[in-house]
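Report on the structure given below.
The values are calculated or read from the model by the stated rules, or taken from the named source; none is laboratory data. Computed from a prediction, not measured in an experiment: that's the story for all the values here. Cβ atoms come from the backbone with ideal geometry, glycine included; neighbour counts cover every protein chain shown. Remember, those area values only see protein heavy atoms, side chains included, never the ligands or the DNA or RNA. Shrake-Rupley method; radii C 1.70, N 1.55, O 1.52, S 1.80 Å.
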Amino acid sequence: MSSKVGGNCWIWMAAPMAIRMTGQRAVVGGGGSGGEKSPSASPRAGRRKSSAGRRAERCLYGILAAVLRRRGWLLAAPLLYVTAMLMLSWDLEGVPVSVGVAILGRSPPGSVYRSPQVFQKLWPFMQADINHSNAMETAWHHKTSHRWKPCFRKKLSQTGLPPSNGYLIIEANGGLNQQRLSICDAVAVAGILNATLVIPFFHLNSVWRDSSKFGDIFDEDHFIRTLSDHVRVVRELPEEMLQRFDNNISSIVNMRTKALSSKTYYLQKVLPKLLELGAVRIAPFSNRLAQSVPSNIQALRCLSNFEALRFSEPIRLLAENMVQRMVKNSSASGGKYISVHLRFEEDMVAFSCCTYDGGQKERKEMDKAREKSWRGKFNRPGRKINPEKNRREGKCPLTPLEVGMMLRGMGFDNMTSIYVASGIIYSSEKYMTPLRQLFPLLETKDTLASSEELIPFQGHSSRLAALDYTVCAHSEVFLTTQGGNFPHFLIGDRRFLYGGHSKTIKPDKRRLVLSLDNPNIRWDKFKRNMLEILHHSDMKGVELRKPNASLYMFPMPDLFSELKLELELWLSLHVKLELDE
């Protein structure tokens, strides 16, 4: 090393390693005896840094020049240069020690719930923005280029039913749409077995706690009549058959079939027992039939869900009135309104293991809710909960505020009518207030229907969900925020109603949280991001069903079957033309 560089310069290079941690600032430990500490705001600190900084700068440049003169040190030169530049740019006496940790340990974008801060920054710009697009008219475009075909037309035989092989009894569990899934699959299984289906029993779920029977939710007469040419359905097991089992349905053998069982399984394992005993029971019965079954069995599923299952008369009458009230309240937008399925109930927030802005109070409430409903599931040894990762991956339920900000960014102004379908929102007063601030024309079943009208439905979660379901089904645009059976079935129902088009906003939450995590984002940038999310969702609005995709979400023949049918039709026409010639 050159003799021009040495001595005191090496002391200055080593100075950062001698930083002493104090209560307020990092203080460089000098080699002199007059080392009185100065407060961070002291004028002395600035003067000391001024002279000391110049000495350090000269030494660092000298060292760097010497290193470059030695060819053997060329590989280390870039690293030393970067180190030198960083040291020269830092105010070693004016930077808190913790800053370096904060920079290195900052959570990746989209990890933390900062939506309230973003809203506070953007709210004045939202209020001042009068250049909204006509979002209700332009949000969706019907782009399908081929004629949509429903999933059961010309798939079901009308030649009459052979003698029944016996009675099938199932017990549907879960909430409204889980029950719907079980019922439709039960009809399909009855078709496979050529069995007579007894109107399904509903299990009293510990979460839903709804004691409603089939006829309280669905129209039994319509169900039996619609299926009469394809599957026999009876309200109850005949007396003579019940006597075989000591007048106790629980005495009937429970087959306990595996989840997602195939047609072959039912024919080989269940049918022999049905022929032997005259009746079999499957309880619980949820997801007990495979997605992929022959087209005539799929057609039974489709017929059951989209034609046979309609709500009971009390539900239909009130729901129709609620729809008309929403249309009337939406006169400013031509009678069109948005419906939002908001999943921000306490159990949903607890199950997601996501954190918001409730601090210690929220943590205690979520721990208590998890322990009450799932009894130690989230405290098992080895289980790691990572709320920040959950949020980045789009697994966290959107808050009402986030829903409102997203819709405003998509161009829906404060005169847009919104219907919110949900259970009891967690900390409702806190979280719903900003959504009402963003959209004053907001309705729920509790505001759209009178307390007297809702009395027969109180305490019956499935009947209340049926009201929400109907109002959402007739909205111009449906926004789903978290997934689950409700949007799964509703998106399919809307495709059925709208000729294959779902008219649904299904946001990519992994992209959404990036904008909601940036308090410095500009309003114009935020709007561009929301419109991109809308466009991305819109592109998926019209889709054909792929093999093994859910028929309940895609109520049409799958793409492969359609191509096969079109090929067969083309071949038959081609052969006919050749024969005519």
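Annotations
- Which numbered condition residue 164 fails, given (1) more than 20 Å from residue 270 (Cα to Cα); (2) in contact with a Lys or Arg (Cβ under 9 Å, 6 or more places away or on another chain); (3) in a loop (DSSP other than H, G, I, E, B): (1)
- For the range 426-447, a residue qualifies if it is touching a residue at least 40 places away in the same chain (Cβ under 8 Å) and crowded, with 22+ Cβ neighbours inside 10 Å, and the qualifying residues are 426, 438.
- Any hit, the range 127-142, residues being outside any loop (DSSP other than H, G, I, E, B) and modelled with pLDDT under 65: no
- Of the criteria (1) touching a helix residue (DSSP H, G or I) at 6+ places or on another chain (Cβ under 9 Å); (2) at pLDDT below 95; (3) of a type in the set (A, V, I, L, M, F, W, C), which one residue 332 fails: (1)
- Among residues of the range 236-271, those that are assigned to a helix (DSSP H, G or I), touching a strand residue (DSSP E or B) at 6+ places or on another chain (Cβ under 8 Å) and β-branched (Val, Ile, Thr), counted: 2
- Highlighted here are the helices (runs of 4 or more DSSP H) found entirely within the range 307-398 that include at least 2 residues which are open to solvent by less than 10 Å² (accessible area, probe 1.4 Å) and in contact with a Leu (Cβ under 7 Å, 6 or more places away or on another chain): 313-329.
- Of the residues making up the range 402-417, not a single one is of a type outside the set (Ser, Thr, Tyr), under 19 Å from residue 331 (Cα atoms) and in contact with a strand residue (DSSP E or B) (Cβ under 6 Å, 6 or more places away or on another chain).
- Note on the range 143-154: among residues that are open to solvent by 60 Å² or more (accessible area, probe 1.4 Å) and either modelled with pLDDT of 90 or more or out of contact with any Gly (no Cβ under 8 Å at 6 or more places or on another chain) (or both), the one that is farthest from residue 235 (Cα to Cα) is 145.
- Candidates 336, 328, filtered to the one that is more than 28 Å from the chain's Cα centre (by Cα), among the basic types (Lys, Arg) and within 26 Å of residue 480 (Cβ to Cβ): 328
- Filter result (within 19 Å of residue 475 (Cα to Cα) and out of contact with any Gly (no Cβ under 6 Å at 6 or more places or on another chain)) within the range 502-534: 503, 504, 505, 506, 507, 534
- Options 490, 534: the member that is among the hydrophobic types (A, V, I, L, M, F, W, C) and closer than 28 Å to residue 387 by Cβ: 534
- Taking the range 405-425 as the range and being open to solvent by 20 Å² or more (accessible area, probe 1.4 Å), in contact with a helix residue (DSSP H, G or I) (Cβ under 7 Å, 6 or more places away or on another chain) and either closer than 20 Å to residue 116 by Cα or part of a strand (DSSP E or B) (or both) as the test, only 414 passes.
- Residue count for the range 203-219 under the criterion of being outside any loop (DSSP other than H, G, I, E, B) and in contact (Cβ under 8 Å) with a residue 60 or more places away in the chain: the result is 4.
- Within the range 221-263, the set of residues being open to solvent by 30 Å² or more (accessible area, probe 1.4 Å), hydroxyl-bearing (Ser, Thr, Tyr) and under 26 Å from residue 306 (Cα atoms) comprises 226, 228, 262.
- Test result for residue 303, in contact with a helix residue (DSSP H, G or I) (Cβ under 6 Å, 6 or more places away or on another chain) and either crowded, with 20+ Cβ neighbours inside 10 Å or not aliphatic (A, V, I, L, M) (or both): no
- Those residues of the range 272-292 which are part of a loop (DSSP other than H, G, I, E, B) and open to solvent by 70 Å² or more (accessible area, probe 1.4 Å), in sequence order: 291, 292
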